[in-house]
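S.K.: Can you read through this structure? Questions will come right after.
The values are calculated or read from the model by the stated rules, or taken from the named source; none is laboratory data. Computed from a predicted model, the values in this text were never measured in an experiment. We place every Cβ from the backbone using ideal geometry, glycine too, and count neighbours over all the protein chains shown. Note: areas computed on protein heavy atoms with side chains; ligands, DNA, RNA excluded. Shrake-Rupley method; radii C 1.70, N 1.55, O 1.52, S 1.80 Å.
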Amino acid sequence: MGLAVSDALSKFEATGEARAFVQRFSVSYEFPVYFTRDVFSESGSVLLEAIRAEASNRRSRVVFILDEGVAREMPDLPRRVSAYVAANSTEIELAGPVEIVEGGERCKNAPELVERLQRLLVSYGVDRHSYVVAVGGGAMLDLIGYVAATTHRGIRHIRVPTTVLAQNDSGVGVKNGVNAFGFKNMLGTFVPPVAVINDSAFIDVLSGRDKRAGMAEAVKVALIRDGEFFDWLEEKAEALALFASEPLERLIRHCALLHMRQISNGGDPFERGSGRPLDFGHWAAHKLEALSGYELRHGEAVAIGIAIDTRYSVLAGLLPAGADQRVRALLERLGFSLWHPTCDARRAGRQRLLLAGLEEFREHLGGELTITLLSAIGTSVDVHTMDHTLIDQAIDWLRPREGV
């Protein structure tokens, strides 16, 4: 290592000293995750509180971008957003009209949309003291976070997740990104939001399919970090399958807190290493999404990926027999289908296309392949190789049985 900069300066760079100097500084990140209802009611204070915590004494300029799917289910939302800003005009102002963009995975596959939104922010004259508030599902939040992070090298952004999956997982993290060159999340940044606002009113208007899809991440994080939470999910499975509001809100909250704890205490928030326990089941899930042409929701693919890797953990002798049956039963009781035709898509040489997901996952991690498996319900273990024969057996275990 070279000489510390402070030491070098104190010696006035004496002749003959080494010319390698170490630049060292740290940046502390902190942001609130709110749980509330009706964030855009004119008397609501949560959004203002989030902006006040970061803003200077001047009135803050804000750009609101809404997910098209949310605007369709809540057609009055653009008017309510404008009314909210008008009611609080002493502290915030609209930088431009409320913008509506396509949501879902398709929005992450559109480089022209990225550029259009970057140009939009520039045309509004926003700067690093302005705010971009994104209201939508996880894919749309990924997109807008990337747009905000790459315009002016970083415009402050606030996330208002509107799906179970976004509120309990992706929306509370620090990643932003879009798909590119045929790979999921190939382009992106690690830029934390200024705040995350989980509003339960948005969950009310979700389809049952989208509510269920988000539960997969709760099962995932319970399996790797919280056995008692898994027991609770088993106890409440029937109520959750019916989307009962009280247990669903509790699931979202506890799952979000577990994800937050892993990010803050896991030692690798920006994923510089190879281990990514929060991606349990995801090497298969990402590939299944792509193979299905994104017909599968992310959470639906994750449910299949979880089941594959749990069964593999048993076959590899890491997890006691029977635990795989518990996991499969819970996922099925929640209403997940654990088979899709793409599970059996094969190359001419008869190898499953899904197996290519391992190498793609390794490339995305960089360096050594690291896959999270289970040693117990609530406890994870990392491995660096996977036996393709055992993976095939795990997938076949999920194949629907005749007459069932």
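S.K.: Have a look at the DSSP beta bridges in region 128-252 and tell me what percent are antiparallel, nearest 5.
M.R.: Here the share of antiparallel DSSP bridges comes out near 40 percent.
S.K.: Using a 1.4 angstrom probe on the protein heavy atoms only, could you order Met386, Met140 from most to least accessible area?
M.R.: Reading off the accessible areas and sorting them downward yields Met386, Met140.
S.K.: Right, another one. Can you give the % of DSSP beta bridges in the chain that are antiparallel, to the nearest 5?
M.R.: 30 percent
S.K.: In deg cm²/dmol and to the nearest 500, what is the mean residue ellipticity at 222 nm of the chain if only DSSP H runs of at least 4 residues count, each as -39500 (n - 2.57), divided by the residue total?
M.R.: Taken over the chain, the calculation gives -13000 deg cm²/dmol.
S.K.: Rounded to whole Hz and in sequence order, give me ³J(HN,Hα) for region 103-108 from the Karplus expression 6.51 cos²θ - 1.76 cosθ + 1.60, θ = phi - 60°, writing x for Gly and Pro.
M.R.: x, x, 4, 4, 5, 8
S.K.: Check which residues have an amide H placed less than 5 Å from Tyr34's amide H, if you skip close sequence neighbours.
M.R.: Val196, Ile197, Asn198
S.K.: OK, next. What per residue convex hull volume, in Å³, do the alpha-carbon atoms of region 271-404 yield?
M.R.: Roughly 118 Å³ of hull volume per residue.
S.K.: Nothing charged except the Cβ atoms of Lys and Arg (+1) and of Asp and Glu (-1): what's the magnitude of the dipole of region 72-167 about its Cα centre? Round to the nearest 20 debye.
M.R.: 120 debye
S.K.: Right, next: How large a share of the accessible area of the chain, in percent, is made up of carbon and sulfur atoms when the probe is 1.4 Å and the other protein chains stay in place?
M.R.: 50 percent
S.K.: Moving on to the next point. As a test of reading the structure, rank Glu112, Glu49 by solvent-accessible area (1.4 Å probe, protein chains only), most first.
M.R.: Glu112, Glu49
S.K.: Which Rg and Dmax, in Å, describe the Cα atoms of region 230-339?
M.R.: 15.0, 40
S.K.: Right, here's the next one. Summing Lys, Arg as +1 and Asp, Glu as -1, what charge do residues with Cβ under 11 Å from the Cβ of His129 carry, His129 excluded?
M.R.: +3
S.K.: Still on this structure, I have one more. Output the relative contact order of the chain, whole-number percent, from Cα pairs under 8 angstrom with separation of 6+ residues.
M.R.: Taking the mean separation of contacting Cα pairs over the length of the chain, I get 13 percent.
S.K.: Using the alpha-carbon centroid of each, what span in Å lies between region 211-264 and region 307-376?
M.R.: 20 Å
S.K.: Moving on. Take the residue pairs Lys184/Lys236; Lys175/Lys211; Lys175/Lys236 and return only those whose Cα atoms are more than 26 Å apart.
M.R.: In this structure, Lys184/Lys236; Lys175/Lys236 exceed 26 Å between Cα atoms.
S.K.: Taking just the alpha carbons, could you work out the radius of gyration and Dmax for the chain, both in angstroms?
M.R.: Calculated on Cα positions, Rg and Dmax stand at 22.9, 85 Å.
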